[in-house]
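The values are calculated or read from the model by the stated rules, or taken from the named source; none is laboratory data. Worth saying up front: this structure is predicted, and the values here are computed from it rather than measured. Cβ coordinates were reconstructed from backbone atoms using ideal geometry, including for glycine residues, and neighbour counts include every protein chain displayed.
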Amino acid sequence: MPEGHTIHRAARQQNRALKGRTISVSSPQGRFAADAARIDGAVLERVEPYGKHLFYHWETGEIGHVHLGLFGRFRTSYSVLGDPTAPTGAVRMRLSTATGADRVDRAEVTIDLSGPTVCSLDPPDARAQILRRLGPDPLARKADPTPMFDRIRRSRRPIADLLLDQAVVAGIGNVYRAEILFVVGIHPLRPGDELDDAELHAIWATTCGMLAQGLRDGRIVTVDRNDLGLAPGARRPRGEATYVYKRRACLRCGDTIRTVEAGGRPCYYCPTDQEA
DNA sequence: GCGGAATGTAGAT
DNA sequence: TCTACCTTCCGCT
């Protein structure tokens, strides 16, 4: 399930598989069919991630825009003899290196997109319009947190609400916001304008670290090894590991986890480690 | 088989 | 502020 790290990971993988190649574009499910036909057989110049958004730069100059939303996902499959495997479920957009050419000199890659909130083919300026309403992306090179700090300092809204607002900072979702606030020891309902500079810098540093870790791991693991109580050399358990998100008891102190509504969604927190 | 929940957003009100 | 919607998966009957 997608927060910013998932998107950046997808972009990396898709650039490895598709960048600079001629791509068959289709929409087995049909809802992207008209747009797919316009770029079918075009060269995909690159896939660009920003926050939770993906931009597909096509040689035609048009920009594919994908946002996974809550349910969207990519599936990758490989085929040796040209024909991609049959799509599983409702596939909105299929990108494949299998172009029907006679000679196949390596395995073909097919990437299927299902369940996205957004999947569109837009004029070139659409990308800039979207970027204009997004805050800094902690996974972007040379990201500058200043605009995020300014917005938080000027706002009475709870910090948990602000961290979920993509115009403040792009790429954080409901898991990371809870985990970030836990790690920096800030109560989710603290108003933005009450945070001091040290707290803002701690939030940014923690956010960058967590998302980068998630990008490397391909899953959300926010818990420090030392807090897991593992024997030396023991491997981390599978699955995602959080301090407070969806937990009953705080992983650090054992206190009962509470939730509070912020940004229209439940924010998990530890009443002991994150005093009001 | 059905219903609910899930790491999200956009558009209506 | 609310509601609709994208799909999958899991637990319940």
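Numbers for the structure displayed
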quantity	calculated
The listed residue being within 16 Å of DNA strand B (Cβ to nearest atom) and out of contact with any Pro (no Cβ under 9 Å at 6 or more places or on another chain), out of A:GLY64, A:GLY72	A:GLY64
In the range A:165-215, the residues that are away from DNA strand C (no atom under 16 Å from the Cβ), of a type in the set (Asp, Glu) and in contact with a Gly (Cβ under 8 Å, 6 or more places away or on another chain)	none
Residue in the range A:32-63 that is farthest from A:PRO138 (Cα to Cα), counting only those that are exposed (fewer than 15 other Cβ atoms within 10 Å of the Cβ) and of a type in the set (Lys, Arg)	A:ARG38
Scan of the range A:64-86 for residues that are outside any strand (DSSP E or B), within 15 Å of DNA strand C (Cβ to nearest atom) and surrounded by 18 or more Cβ atoms within 10 Å (Cβ to Cβ), ordered by number	A:LEU68, A:GLY72
Members of the range A:1-39 found to be of a type in the set (Lys, Arg) and either assigned to a helix (DSSP H, G or I) or assigned by TED's automatic domain parsing to the domain that holds A:CYS208 (or both), listed by number	A:ARG9, A:ARG12, A:ARG16, A:ARG38
Contacts under 6 angstrom Cβ, first residue in the range A:107-119 being over 16 Å from A:LYS52 (Cβ atoms), partner outside any loop (DSSP other than H, G, I, E, B) and among the small types (Gly, Ala, Ser), 6 or more apart	A:GLU108/A:SER79; A:VAL109/A:ALA17; A:THR110/A:SER77; A:THR110/A:SER96
Residue check, A:GLY89 within 14 Å of DNA strand C (Cβ to nearest atom), at positive phi, assigned to a loop (DSSP other than H, G, I, E, B) and exposed (fewer than 14 other Cβ atoms within 10 Å of the Cβ)	yes
Hey, A:THR206 free of Cβ contacts under 8 Å to residues at least 60 places away in the same chain and of a type in the set (Ser, Thr, Tyr) or not	yes
Residues of the range A:48-63 satisfying the condition of being away from DNA strand C (no atom under 16 Å from the Cβ) and of a type outside the set (Gly, Ala, Ser)	A:GLU48, A:PRO49, A:TYR50, A:PHE55, A:TYR56, A:HIS57, A:TRP58, A:GLU59, A:THR60, A:GLU62, A:ILE63
Verdict on A:ASP150 being without any contact (Cβ under 8 Å) to a residue 24 or more places away in the chain, of a type in the set (D, E, K, R) and more than 15 Å from DNA strand B (Cβ to nearest atom)	yes
Near pairs, Cβ below 9 angstrom, 6+ apart or cross-chain, from the range A:24-45 (on the phi > 0 side of the Ramachandran plot) to any residue that is away from DNA strand C (no atom under 13 Å from the Cβ)	A:GLY41/A:THR22; A:GLY41/A:ILE23; A:GLY41/A:SER24; A:GLY41/A:VAL25; A:GLY41/A:THR99
Cross-chain or 6+ apart pairs with Cβ under 7 Å, the range A:224-240 first and assigned by TED's automatic domain parsing to the domain that holds A:GLY209 and within 15 Å of A:ARG252 (Cβ to Cβ), then in a loop (DSSP other than H, G, I, E, B) and modelled with pLDDT of 75 or more	A:ASP227/A:LEU251; A:ASP227/A:ARG252
From A:ASP137, A:ASP112, A:ASP161, A:ASP122, residue being touching a His at 6+ places or on another chain (Cβ under 6 Å) and buried (at least 16 other Cβ atoms within 10 Å of the Cβ)	A:ASP122
